[in-house]
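Here is the structure we will look at.
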Amino acid sequence: MSDKHHRQIYQPNREYAKDARIKNMCEYQDLTRWAEEDYEGFWDSYAKEKIDWIEPYHTVLDESNTPFVRWFEGGKLNVAEQCVDRHLDVRKNKAAIIFEGDRGDKQMVTYLELYYNVNKMANLLKNEFGVKKGDRVVIYMPMLLESAYAMLACARIGAIHSIVFGGFSAEALRDRIEDAEAKVVITADGAYRKNKPYMLKPVVDKALEGKTPVEKVCVVERNGEDITWVPGRDYSYNELIKQQSPVCAAEPMDAEDPLFLLYTSGSTGQPKGVQHNQAGYILWAQMTMEWVFDVKENDTYWCTADIGWITGHTYIVYGPLAMGATTIMFEGVPTYPDAGRPWKMVEEYKINQFYTAPTAIRVLHKMGENEPAKYDLSSLKVLGTVGEPIDPPAWKWYYEEIGNSKCAIVDTYWQTETGGHMISPLPGATPIKPGCATLPLPGIMGEVLNPETGEKVEAYEGGYMCVTRPWPSMIRGVWGDPERFQKSYFGDVVKDGKPVYFTGDGAIYDDDGYITITGRTDDVINVSGHRMGTAEVEAAILKHDDVAEVAVVGKPHELKGEGIFAYVVLKTALDDAIYSDNIDMMKAINGVIKKEIGNIAVCDQMLFVPGLPKTRSGKIMRRILRAIAKGELITQDTSTLEDPSIVTTIEAMV
Ligand code: WTA
């Protein structure tokens, strides 16, 4: 079957749908209608059913001060209790987390063991380091069980964690520590990648040089490599944890107390600390786990993300544990020792739901086309993707070779700011189309709007992906900057006189009302599913002494989705002959980027140009630079530029 534009449609697997939580489109539509007709009643019902409240709330939603909304006001809960304690009656001996190390080492913790480990770590933070409710704790960790303990321990005592991805540099870590004014850092000596140890603690040492708000550093000893210990500041987790009691009372938290911060890139140079709060976040994490992955009591679920990103927060730790699932944590890389590693793990653990990013699918396809056939993948029921648009060839390989044409692919569209899935197929209900996130989940008022009029666009017209009503797991603020929160998300699109949440993404409807995300409309690029602000990369490049000016754009990349392309103007002009091919300079500049941000932000291509196309008022015309990078024809009128000839000069250099 195909739609009017010849896109193939795949119906849900009927056998599977029989036992799915949402079994068909009628059920989906009933839920959607319920939310539309009685928004608060809908959320009230789920909040009562899903959350173990310490004290009930009195107001479902308070919108009197939008966009600063409040959900479930008056309610008290503890997210660690929601994720751990409440399961002890029914599933204390069930595997909560299964850890697989890079070198194949394995560990499993049951819900009861998780309870003890989280409590011990909570006691450690409280008693040894003096961490109190509301304090910020930075977690700079590899993928380890202790990373999950640390998150839940913070939640248990009401501390606000801020995880910094282990690939970020000391400078980037320092910025995040300072912005959050963190008192404690939890880290590891290092971990293993491709059978070799790599280090994290030295990066922390560097980040803490000079003045810092950090008083204590807790070091999980994972790889046993030599590290420096600063007396009075650095403590071994492995030593201290032995003395901690396995019982720790959970702090009753207000529904709207902050749960965590997670820094993400925006269109300005400074990353923003996205704030999520307690009740709304955990409610939606759990509901989407149940609806979208449809995990059953005896299932084993694996999300390959890193806990340093929002996907790792919501869909490795909080969501799966809130629903009482068995979740896998993997330390290694998917292509080591070969590109069959994930499929080997699927066979070994009998994985039922597998969730990864398009960039990983493309790499696994390219490097190991024949690997899936070597393993028994018949346990798989649902396959997920996230982070960037998935191209139809990658989608088809995933569907046919991994899912054996019987598993639903849930192309989940969401963001750090949304806390959980927004637009996604439901595996038992939604007919799917390659590369298409399909329909908003029940309760999510996602609409593609015309940015000028605020009206819903027609099919194939294209517009801005917006959400017209606040939802429970919506970002609650940008840490320390309420104005930036308001301006970043509620400034661009106005519907019926009210500013609505704008995601920053463009999208289109097809004839069936399905939504396809077309990518960012702002200066954010998506490298291997990771968000990078062009302004952030530019600010790093400008730190190189020889650089006068720079403009960074995204360029389509076969494996990464988008690669980073920089146009650099040097202070001292280079010889014409070496302009476009200055490897040493590119290496030096990438070195600065590694130091300022980390490896994930290095440029794939750099062009040393004599100038940049600018308007007379000095604004860099990025649209032109994007087109040149893609090798597209420039259709735009360039006569208004300060120096139109620069466009032809640059075009000739590419
Ligand atoms: C993009 C990741 C197309 C989008 C959870 C969004 C997607 C940004 C999809 C958020 C998808 C995420 N299809 N694009 N299924 N999922 N994106 O904050 O541009 O790291 O704005 O959250 O990734 O990235 P973030």
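The values are calculated or read from the model by the stated rules, or taken from the named source; none is laboratory data. Note that the structure is predicted; figures quoted are calculated from it, not measured. Methodologically, a virtual Cβ is constructed for each residue, glycine included, from the backbone with ideal geometry; neighbour enumeration extends over all protein chains shown. Quick note on the areas: whole protein, heavy atoms, side chains included, nothing else; ligands and nucleic acids left out. Shrake-Rupley method; radii C 1.70, N 1.55, O 1.52, S 1.80 Å.
Structural remarks
- Prolate/oblate/rounded call for segment 144-183, Cα gyration tensor, a/c under 1.5 rounded: oblate
- Ordered by 1.4 Å accessible area with all protein chains kept, Lys126, Lys614 run largest first as Lys126, Lys614.
- Taking all protein chains as they are arranged and a probe of 1.4 Å, the heavy atoms of Cys466 leave approximately 0 Å² accessible to solvent.
- Heavy atoms of the protein chains alone define the surface here; on that basis the chain has 39 Å² accessible area per residue at 1.4 Å probe size.
- Every Cα-Cα pair in the chain was counted, and those over 31 Å apart are 53% of them.
- Sites excluded, GluC sites (Glu not before Pro) in DSSP loops with at most 10 other C-beta within 10 Å, longest stretch of the chain: 210-451
- Proximal charge balance of Glu209 [Cβ under 13 Å; K/R count +1, D/E count -1]: +1
- Distant-in-sequence amide contacts of Thr518, defined by a placed amide H-H separation under 5 Å and a gap of 5 or more residues or a different chain, comprise Gly506, Ala507, Ile508.
- Distance between segment 465-524 and segment 436-453 - C-alpha centres, whole angstrom: 10
- Modelled spin labels at Gln107 and Glu400, positioned 7 Å past Cα toward Cβ, are 4.2 nm from each other.
- Per-residue HN-Hα couplings for segment 544-551 [Karplus 6.51, -1.76, 1.60; θ = phi - 60°; Hz; x = Gly/Pro]: 6, 4, 8, 8, 8, 8, 7, 9
- Once the Cα-Cα distance is subtracted from the 0.36 nm per residue extended length, the Lys94 to Val333 segment shows a gain of 83.4 nm.
- For Ala96, residues with placed amide H under 5 Å, excluding near neighbours: Val109, Thr110, Tyr111
- Computed FRET value (nearest 0.05) for Tyr460 with Ile9, which takes r as the C-beta separation and R₀ as 25 Å: 0.90
- Contour minus Cα-Cα distance for Asp30 and Lys366 (0.36 nm per residue): 116.8 nm
- Summarising the amide proton neighbourhood of Val547: residues at separation of 5 or more, or on other chains, whose placed amide H is nearer than 5 Å comprise Lys571.
- Between Gln243 and Tyr375, residue separation times 0.36 nm minus the direct Cα-Cα distance comes to 43.1 nm.
- Based on every Cα atom in segment 524-653, Rg and the maximum pairwise Cα distance Dmax equal 14.1, 39 Å.
- Phi-derived couplings, Karplus 6.51 cos²θ - 1.76 cosθ + 1.60 at θ = phi - 60°, listed residue by residue for segment 173-183: 5, 4, 4, 6, 4, 5, 4, 8, 6, 6, 9 Hz, with x used for Gly and Pro.
- Pairs of alpha carbons in segment 110-240 separated by more than 23 Å make up 25% of all such pairs.
- Computed FRET value (nearest 0.05) for Gln636 with Glu215, which takes r as the C-beta separation and R₀ as 60 Å: 0.65
- Separation of segment 367-412 from segment 584-642 is 36 Å, based on Cα centroids.
- Short-range pairs are left out: with C-alpha atoms under 8 Å and at least six residues apart, the relative contact order of the chain is 13 percent.
- Two-site FRET efficiency, Asp604 against Asp584, from Cβ-Cβ distance with R₀ of 22 Å, rounded to 0.05: 0.85
- Apportionment of accessible area to carbon and sulfur, segment 391-499, percent (1.4 Å): 46
- Loop trypsin sites (Lys or Arg not before Pro), segment 266-356, which have at most 16 other Cβ atoms in a 10 Å radius of their Cβ (DSSP): Lys296, Lys350
- Projecting the Cα atoms of Thr534, Ile646, His544 onto the charge dipole of segment 524-653 (Cβ charges, centred on the Cα centre) puts Thr534 farthest toward the positive pole.
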